[in-house]
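To start, the structure itself, in C-alpha cells.
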Amino acid sequence: MISIIIFTILSLIIFVITFFKLIKKNNSNYIFALIPEFIGIVINFVYIFISIKPNTIVILLMYILSIIIPIIGFILEKNDINLLEIIGITKIKYYENKNQKEKVKNELLKNVQKYPNSYIYHKKLAKWYEENKEIEKAEYEYIKIVELKPKNYDNYIKLANVYIQNDKNEYAIELLNTLLKNKPELKEASILLGETLYNNNMFKEAINVYREALKYNPSEYMIYYELGMTYTRLNDFKNAKEYYKKAATINSTLGVAKLNLGQISLLFKDYEEAEKYFMECIEIEDDKIQADAYYYLAKIKLINNQKELAIQYANIALEINPNMIKIMEQDVYFAVILGKIKKVESKNINSKITQKEDNIIKYLNNTYTVVEELLQGRDDNEKNVINKERDI
C-alpha cells in the first residue's frame, strides 16, 4: 500500500511539472510525455478504485509510463536532445560504421538545417570537419556550439585547438586566457595555452601560465615537464633540472625527463650523476631513449678514457638505432673509436617521443657541444698566453 501511495504522489508531481512545461514553453513535444504519464496514472487509480493490488507486471508498466519515460525526457531536454535527433544520430552512426564519410556529412548538413540550434548535430559536424581537415568550417561549427552551450568549457579548448590548426594563434591565446580567468583550474586549457606560447617563442609567458596552473594542479607531472622544457629553451638549466626532477618523481616512466636530466648533468660535468640518469633511461621501453642513453654513456666513458666500455655502449646504441652513427661521426669524442664500432643497416625504431621532445634533446646536445667548444677555445687561449709569457 505504501508503494502505491508513493507512486501516486510521485507520478502526479511529474505530471504537473510536465503539464506546466507544456504551457510555459508551448512545445508540443511534451504531449508525447503527458500521454504515457496519464495512462500510467489512470491504471493506478483504476486499481485503487477496485481495491485490488496490481501484479508485478502492471506495477512495472505504471512506473515505466508515469515515471521512467518522463525522467528520460527531462534528461534529454537538459542535453538539448529530442527523440527525432536520437533517431537521426543512430542513422549517422550507421554510416560512420560503414565508413561512408560523404553520407555522414550529408546527413549532418541536412539535420543541421532542420535543427539549426541542435547542439549534438553541430558538435558532430564540427568534429567531422576537423577530422577531414576542413578547418575553416570546423572553426565556424565550434564557434556555434560554444554559443549554444557557453558553460561547456571543453568546447572552448576544442575551438582554441582549431584556431591553432588554422594558424590563428593570437585568437587561441586570447580565448584560452579568457577561459582561464574564469576557470583557472582547467589543466587542459593551461597546458594548451603554455604550449601555444612556447611554439611562438614566448617562453617567459609560457612559464607564467604553467606556474599559475601548478597552484590548482600541484601533482600534475606534465606541467612540471613542460616547465622543464621551457626553462631549457631559456638556458635556465638550474630551474629546468628542478622541474624535470619533479616530473620524473611523479611519473617514474617519464624517460625523456630522465634523459634531459642526464644531459644537463653532463653539461655541468657531473658525470657520476649523468651516468645514473642514463642508466635509468636504458630501462625505458623506447628505442630512441635507450639509444640516446647508450650514446651518452659511451661519451662519458670516452671522457674518462675508458675506450673499451665506450665501444660497447656505442655498438649497443647503433643496434637499437642505426641512425645514431651520424651523430657519432660529428662528435669529436667518438673520433678515436669510429673505426672500432659496427655500422648497422638503417631500420625503423619504436618511439613515442614527440617532435618537441626530440628538439629539446637536440637543443641540449647542441648546447653541450657549443659549451665544450667555448671551453676548448678558452683553454687554447690560456695555453697561448702561457707559452708567450714563457717565450718572453
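Laboratory data are not the source of any read-out in this text; all were calculated from the coordinates shown. All values reported here derive from a predicted model rather than from experimental measurement. Here the Cβ is made from the backbone with ideal geometry for all residues, glycine too, and neighbour counts use every protein chain on show.
Just a few scattered comments:
- Selected from Lys91, Lys183, Lys144 as most flexible by GNM, with the chain as the system and alpha-carbon contacts under 10 Å: Lys91
- Within the listed set Phe38, Phe203, Phe237, the Gaussian network model of the chain (springs between alpha-carbon atoms below 10 Å) gives the highest mean-square fluctuation for Phe38.
- Ranking Ile68, Ala335, Ile289 by Cα position along the charge dipole of the chain, where only Lys, Arg, Asp and Glu carry charges on their C-beta atoms, puts Ile68 farthest toward the positive end.
- Excluding same-chain neighbours fewer than eight residues apart, the aspartates and glutamates reachable from Lys241 by a Cα-Cα span under 14 Å are Glu226, Asp270, Glu273.
- Note on region 253-392: along the principal axes its Cα atoms extend 61, 30, 25 Å, ordered by decreasing extent.
- Residue-wise HN-Hα couplings along region 90-97, as the Karplus relation 6.51 cos²θ - 1.76 cosθ + 1.60 with θ = phi - 60° gives them from phi, are 4, 5, 5, 5, 4, 5, 5, 5 Hz; Gly and Pro carry x.
- At R0 = 51 Å, FRET efficiency that the Cβ-Cβ distance of Asn235 and Lys181 yields, to 0.05: 0.95
- Projected label points at Ser219 and Lys356, each 7 Å from Cα along the beta carbon direction, are separated by 2.4 nanometres.
- Evaluated at q = 0.23, 0.24, 0.34 Å⁻¹, the base-10 log of the normalised Debye intensity for region 230-273, with identical point scatterers placed on the Cα atoms, takes the values -0.75, -0.80, -1.21.
- Label-point separation, Asn208 to Lys276 (7 Å along Cα→Cβ), nm: 3.6
- Placed amide H near Asp331: partners under 5 Å, 5+ positions off or other chain: none
- Contour minus Cα-Cα distance for Asn132 and Ala335 (0.36 nm per residue): 68.2 nm
- Distance (nanometres) between label positions extended 7 Å along Cα→Cβ at Glu373 and Asn169: 2.7
- The phi-based Karplus calculation (6.51 cos²θ - 1.76 cosθ + 1.60; θ = phi - 60°) puts the 3J(HN,Hα) values of region 224-240 at 4, 5, 5, 5, x, 5, 5, 5, 4, 5, 8, 6, 8, 6, 5, 5, 4 Hz, whole numbers, x for Gly and Pro.
- Partner lysines whose Cα lies under 24 Å from the Cα of Lys53, excluding those fewer than 8 positions away in the same chain, are not found.
- Counted residue by residue at 0.36 nm each, then reduced by the alpha carbon distance between them, the extension gain from Asn106 to Asn348 reaches 83.1 nm.
- The GNM of the chain, with springs linking C-alpha atoms under 10 angstrom apart, assigns the highest mean-square fluctuation among Ile41, Ile282, Ile320 to Ile41.
- Phi-derived couplings, Karplus 6.51 cos²θ - 1.76 cosθ + 1.60 at θ = phi - 60°, listed residue by residue for region 349-365: 10, 9, 8, 9, 5, 7, 4, 4, 5, 4, 5, 5, 4, 5, 4, 5, 5 Hz, with x used for Gly and Pro.
- Average projected area [Cα convex hull, the chain], square nanometres: 30.9
- Within straight-line cross-link reach of Lys342, lysines at Cα separation under 17 Å, skipping those fewer than 8 residues along the same chain: Lys299, Lys307, Lys326
- Rounded to the nearest whole angstrom, the semi-axes of the ellipsoid equivalent to region 83-206, taken from the Cα gyration tensor as √(5λ), stand at 31, 15, 11, largest first.
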